[in-house]
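The values are calculated or read from the model by the stated rules, or taken from the named source; none is laboratory data. Please read these numbers as outputs of a predicted model, since none were measured by experiment. Here the Cβ positions follow ideal geometry from the backbone for every residue, glycine too, while neighbour counts run over all protein chains shown.
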Amino acid sequence: MPDAVDTPVFILCGGLGSRLGELGRQQPKPMLDIGDRPMLLHVMECYARHGFRRFVVCTGHRREVISSYFRNFDVIHSDFTVDLATGALHHHRTGTTPDWEVTVAHTGSEAMTGARIARAAARHLGAADHFAVTYGDGLTDADLAAEFAFHLAHDSLATMLGVVNPSAFGHVEVRDDRVLSFQEKPRREDDWVNGGFLLFRRAALEHFSTAAECVLEQDVLPRLARAGQLRLFRWTGFWSCVDTVPDHQRAAALWEAGAAPWRR
């Protein structure tokens with residue numbers, strides 16, 4: 001039976017982050033800090049709490065920022081002493097270092113999401129029969145171990161975390177021109193959207209392409225759905241996509257208040 005510890009998690013971190021304005025131009029969106037660490041680390045911790053420890057970070061825009069972060073992880077997260085005469089460096093770790101294997105894979109500056117996964121998997125999937133895919137800007141308290149067990153229990157090629165559509169607008173009930181009721185940003189329990197935490201069998205790669213224009217959301221997932229090869233794992237707990245400046249501010253405020261649901 002496949003184990004989470006041997007299942008690589010491909011994290012999409014190559015987008016332009018255009019909705020973040022100047023913040024997105026300065027660095028990749030997943031490298032924005034929430035509290036004392038980049039958002040990307042929060043995403044990885046969501047998986048690590050459920051047994052995953054192999055990560056493939058698929059980079060594009062400002063890839064050097066992510067490469068530098070992981071190459072200098074010890075320096076960034078530790079005290080250190082440097083001998084200026086010899087250049088010798090000694091780290092004094094001030095906390096527990098994650099027991100993770102992190103591969104940083106450049107997948108092209110112009111590649112779309114499906115292409116990034118296909119290119120990185122061709123080089124770094126190894127012998128794994130299953131792999132996970134997520135984005136560097138999604139936070140959740142979902143039970144990813146339960147999603148993995150659900151994925152292994154069925155015979156379809158892919159599993160998608162389904163979350164309740166968080167409506168951005170209030171719902172108005174009207175008769176003629178009279179408003180009967182108003183509900184601010186309602187949650188429709190029958191309206192599921194892609195939560196961005198996905199699992200695939202190796203054979204699903206036949207539905208991907210390394211061509212730059214291959215889009216996971218528009219090409220791969222619809223193709224799998226039409227073939228009856230995509231299952232939904234429903235989650236009604238916390239989920240947030242940190243896509244805009246207000247999204248980032250809300251996530252940071254939750255973390256600072258010690259009220260971040262994904263921090264379980």
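Once the stretch 80-111 is narrowed to residues that are surrounded by 11 or more Cβ atoms within 10 Å (Cβ to Cβ), among the polar types (S, T, N, Q) and touching a strand residue (DSSP E or B) at 6+ places or on another chain (Cβ under 7 Å), the residue that is farthest from residue 53 (Cα to Cα) is 107.
As for the stretch 112-133, it holds no residue that is free of Cβ contacts under 8 Å to residues at least 24 places away in the same chain, crowded, with 16+ Cβ neighbours inside 10 Å and touching a Gly at 6+ places or on another chain (Cβ under 8 Å). Residues of the stretch 45-97 that are over 24 Å from residue 144 (Cβ atoms) and of a type in the set (A, V, I, L, M, F, W, C): 65, 75, 76, 80, 82, 84, 85, 88, 89. When the test is whether a residue is at pLDDT 90 or above, in contact with a Ser or Thr (Cβ under 8 Å, 6 or more places away or on another chain) and within 30 Å of residue 129 (Cβ to Cβ), residue 221 does not pass it. So is residue 146 assigned to a loop (DSSP other than H, G, I, E, B), under 15 Å from residue 52 (Cβ atoms), of a type in the set (A, V, I, L, M, F, W, C) and touching a residue at least 12 places away in the same chain (Cβ under 8 Å) or not? When the stated conditions are applied, residue 146 does not pass them. Considering the stretch 46-118, the qualifying strands (runs of 3 or more DSSP E), each wholly inside and each with 2 or more residues that are under 20 Å from the mean Cα position of the chain (by Cα), run over 54-59, 101-106.
For the stretch 200-246, which residues satisfy the criterion of being in contact (Cβ under 8 Å) with a residue 60 or more places away in the chain, assigned to a helix (DSSP H, G or I) and buried (at least 16 other Cβ atoms within 10 Å of the Cβ)? Hits for the stretch 200-246 are 205, 216, 219, 220, 221, 224.
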